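The values are calculated or read from the model by the stated rules, or taken from the named source; none is laboratory data. Bear in mind that the values here come from a model prediction, so they are computed numbers and not experimental data. All Cβ positions, even for glycine, are placed from backbone atoms using ideal geometry, and neighbour counts span all protein chains on display. These accessible areas exclude ligands, DNA and RNA; they are computed on the full protein's heavy atoms, side chains included. Shrake-Rupley method; radii C 1.70, N 1.55, O 1.52, S 1.80 Å.
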Amino acid sequence: MSGCDHSPVTANQGPANQGPANQGPTAQDEVVTICRDLIRIDTSNPGDHSGPGERQAAEHVAALLSEVGLDPVVLESHPKRTSVVARIKGRDSKRPALLIHGHLDVVPAHAPDWRHDPFSGEIADDCVWGRGAIDMKDMDAMMLAVVRQRLREGRPPARDVVLTFPADEEAGGTWGARWLVDHHPDLFEGVTEAVGEVGGFSLTVGDQRLYLLQTAEKGIAWLRLTARGTAGHGSMIQTDNAVAELAEAIGRLGRHEWPTRLIPSVQAFLTGICAALDIEFIQNDPTQALAKVGTISRIIGATLKNTVNPTVLRAGYKVNVVPQTATAEVDGRFLPGYEDEFFAELDRVLGPGVTREFIHHDIALETTPDGALYDAMTSALVAEDPGARVIPYCLSAGTDAKSFSRLGIRCFGFTPLRLPSDLDFSGMFHGVDERVPVDGLRFGVRVLDGFLDRC
């Protein structure tokens, strides 16, 4: 991995580790410390309010914003489930406002499985380690560091910016972004566009560095499946055994081959990858390039079709008792434009003996890779990495963009990071040993700083 880039965001050069005279540290000086501090605040979200919540992290974020003159709003949707919103006045407040969002919660982590404690924020191998380092306290730290420097220096963004740090994204956003949209839409008055996770990260293909901007994400169908039969003694013949019915349905679902459906964002990605590899894009064989893009193929491959993964099974309470019911939970994801097809095919595969109910259901999104904001993201990336190329892609997972889009906001994924070619970026999400390169954070603040001048 290359050495750290210690240059400040702006051209003003102060003493070592200091920003312009009397202005305090630069964003590049602060970003690593802010990221580490956020990681050390455990905001694990099991999805049932049993975790520590986001309150401590929200108060920390609010204090950092208040310190540079903002008036952040701290809102609690449920005890300890806390979000922060702040508005920055831009150079041209007559223009529609921009939303920049980054969630505060993280998925749980089991410390014995990690090389470094997941809530230590330790620096090792030129990376900041810990739960949330990639998903997404890195972006939170970059947002805070850039805004703090710009406000200290009196450099407003090109237009009004609404900074939002929601709770609960890792459980679908019900108590975070969705609650803000439903109960406090006034905080987003005048906002027409948004950027958040997951996009703006680099992918090295051959000798070229590409940056992937998210223009689409799959919809969510977290489902509970139930089979019902007759309860009875385990020694007797049971022709309507709920466990057998459910097991057979889950087996069919796990083996099912969903048809390929190329949405525009996925086709644009594959076309861009083929151009970088100097190979022909073959419409009826879209998987040809996936073997050449490394581990990111896990995400891209899942955007070629609708998907369902069985994740939880529950049945019975004693070995010699046939239970009356058996349940399973599955994680379903559907492509933009294919939700109806997804549910019709799902029901056909499950068969009449299994019923389904939603644990969480949310929309799929897709926008086009064009417009002034897309150009601003692209030019900000290329300004910091000349010769790089930017291509759109579809995220296989979901983000808070689903909630913000309900306000008519056009959403992109833009969390800029320049990554080492050998880093398993997709494996960092919800994985063991999650980490973000220090140089990647500093690159990100430079890009975000330039983006706020262009946006």
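Before moving on, here are some points about what is shown:
- Of all residues in region 409-439, those being closer than 10 Å to Ala133 by Cα, part of a strand (DSSP E or B) and within 17 Å of the chain's Cα centre (by Cα) number 2.
- Residue ID - modelled with the lowest pLDDT, chosen from residues in region 211-239 that are surrounded by fewer than 21 Cβ atoms within 10 Å (Cβ to Cβ) and touching a Ser or Thr at 6+ places or on another chain (Cβ under 7 Å): Gln238
- Residue tally, condition among the β-branched types (Val, Ile, Thr), touching a residue at least 40 places away in the same chain (Cβ under 8 Å) and either surrounded by 15 or more Cβ atoms within 10 Å (Cβ to Cβ) or under 17 Å from Leu350 (Cβ atoms) (or both), over region 296-325: 8
- Selection status of Asp135, closer than 28 Å to Thr33 by Cβ and either among the hydroxyl-bearing types (Ser, Thr, Tyr) or assigned to a loop (DSSP other than H, G, I, E, B) (or both): yes
- The one condition from (1) part of a loop (DSSP other than H, G, I, E, B); (2) closer than 19 Å to Val31 by Cβ; (3) within 19 Å of the chain's Cα centre (by Cα); (4) not polar (S, T, N, Q) that Gly444 does not meet is (1).
- Hey, Pro156 open to solvent by 20 Å² or more (accessible area, probe 1.4 Å), touching a residue at least 12 places away in the same chain (Cβ under 8 Å) and either outside any loop (DSSP other than H, G, I, E, B) or not small (Gly, Ala, Ser) (or both) or not: yes
- Considering region 261-272, the residues that are outside any helix (DSSP H, G or I) and closer than 24 Å to Val205 by Cα include one that is most open to solvent (accessible area, probe 1.4 Å), namely Leu262.
- Residue match in region 274-286 (condition: modelled with pLDDT of 90 or more, in contact with a strand residue (DSSP E or B) (Cβ under 8 Å, 6 or more places away or on another chain) and surrounded by 16 or more Cβ atoms within 10 Å (Cβ to Cβ)): no
- Residue count for region 47-62, restricted to those that are farther than 19 Å from Asp117 by Cβ and either within 21 Å of the chain's Cα centre (by Cα) or among the β-branched types (Val, Ile, Thr) (or both): 8.
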